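Down below is the structure, laid out as structure tokens.
Bear in mind that the values in this text are calculations on the coordinates, not laboratory data. Please read these numbers as outputs of a predicted model, since none were measured by experiment. All Cβ positions, glycine included, derive from the backbone under ideal geometry; neighbour counts span all protein chains shown.
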Amino acid sequence: MRIVTWNCNGGFARKLPMAMSLCPDLLVLQEASFRHCEETALGPFFWTGRGHRGLAVISCTGLPLTLDPAFDPELPHFLPVHAGTLHLLAIWASVLTSTVRYVRLIHRALDHYADFVNHRPGLLIGDLNSSTVFDARHPQANHTRLVDRLAHLDYESAWHHQTDECHGAESRPTFYMYRRPERTWHLDYAFVTRDLLASSRIELGAPETWLPWSDHLPLIVDLPTLNG
């Protein structure tokens, strides 16, 4: 099963061929409009958002999707989706209030989706807008505490497991602010339950290919087949 997460920076309808060039079974899209997801008609999908941009989980190869009853549209932007036997929490960490935003919002979402993320096999994936380099901005609920919290829930970042890199010291960024090479961070992640770690593979799109389309690079995750 191949899962691609990509903050497409809007305009998904014209960027669909780029996304499909990665041969995904599932697409997790940030900053995609409901209209574009509906018009492209790849397959069943779920979407949550405010205005013209939101978070979508799209089945591209017929994998059945079910939205978990715990879904809360007032908690932007998270989608708890059953994809075959995989329990997938898709994420676009944005802003709830002036004080509950980005990584702090993810901690709030983990409180709400505690039962869902305790199921196996599990995957938390998306644009988390979070890194240890920003820990000082969120002293009570930061990225380091998030990584520790997920570790206690038996989740580990597939990128950091595969590369043996530390959070905040990644060799490859996923986000280029204003597409500038001097303003980059690793903000997109795939945390998988440890039963999937040994059989998972992860790669990152090349900046020269993807930066003309978005300020984020796609993260490509290959997991064992989990059709249910």
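Some points to look at:
- Put a plus charge on the Cβ of each Lys and Arg, a minus charge on the Cβ of each Asp and Glu, and nothing anywhere else: the dipole of the stretch 2-222 about its Cα centre is then about 520 debye.
- Local net charge near residue 112, Cβ-Cβ under 12 Å (Lys/Arg +1, Asp/Glu -1): -4
- Restricting the GluC sites (Glu not before Pro) of the stretch 1-85 to loop positions (DSSP other than H, G, I, E, B) with no more than 16 neighbouring Cβ atoms within 10 Å leaves 74.
- Counting only DSSP beta bridges with both residues in the stretch 28-153, the antiparallel share comes to about 75 percent.
- Quarter of Cα convex hull surface for the stretch 39-84, i.e. mean projection, nm²: 3.4 nm²
- Applying both filters, DSSP loop and at most 12 other Cβ atoms within 10 Å, to the GluC sites (Glu not before Pro) of the stretch 178-228 gives 182.
- Shown in residue order for the stretch 111-127 are the 3J(HN,Hα) couplings computed by the Karplus curve 6.51 cos²θ - 1.76 cosθ + 1.60 at θ = phi - 60°: 4, 5, 9, 4, 5, 5, 6, 7, 7, 10, x, x, 8, 10, 8, x, 8 Hz (x for Gly and Pro).
- Per the Kirkwood formula applied to alpha carbons, the chain shows a radius of gyration over Rh ratio, Rg over Rh, of 0.92.
- With Cα atoms defining each centre, the stretch 10-25 and the stretch 166-219 are spaced 17 Å apart in the structure.
- 3J(HN,Hα) along the stretch 16-31, derived from phi through the Karplus expression 6.51 cos²θ - 1.76 cosθ + 1.60 where θ = phi - 60°, amounts to 3, x, 5, 4, 6, 5, 8, 6, x, 7, 10, 10, 10, 10, 10, 6 Hz, with x in place of Gly and Pro.
- Tail weight of P(r) past 16 Å, computed on alpha-carbon pairs of the stretch 3-86, percent: 46 percent
- Computed [θ] at 222 nm, deg cm²/dmol, the chain (DSSP H ≥ 4; -39,500 (n - 2.57); rounded to nearest 500): -6000 deg cm²/dmol
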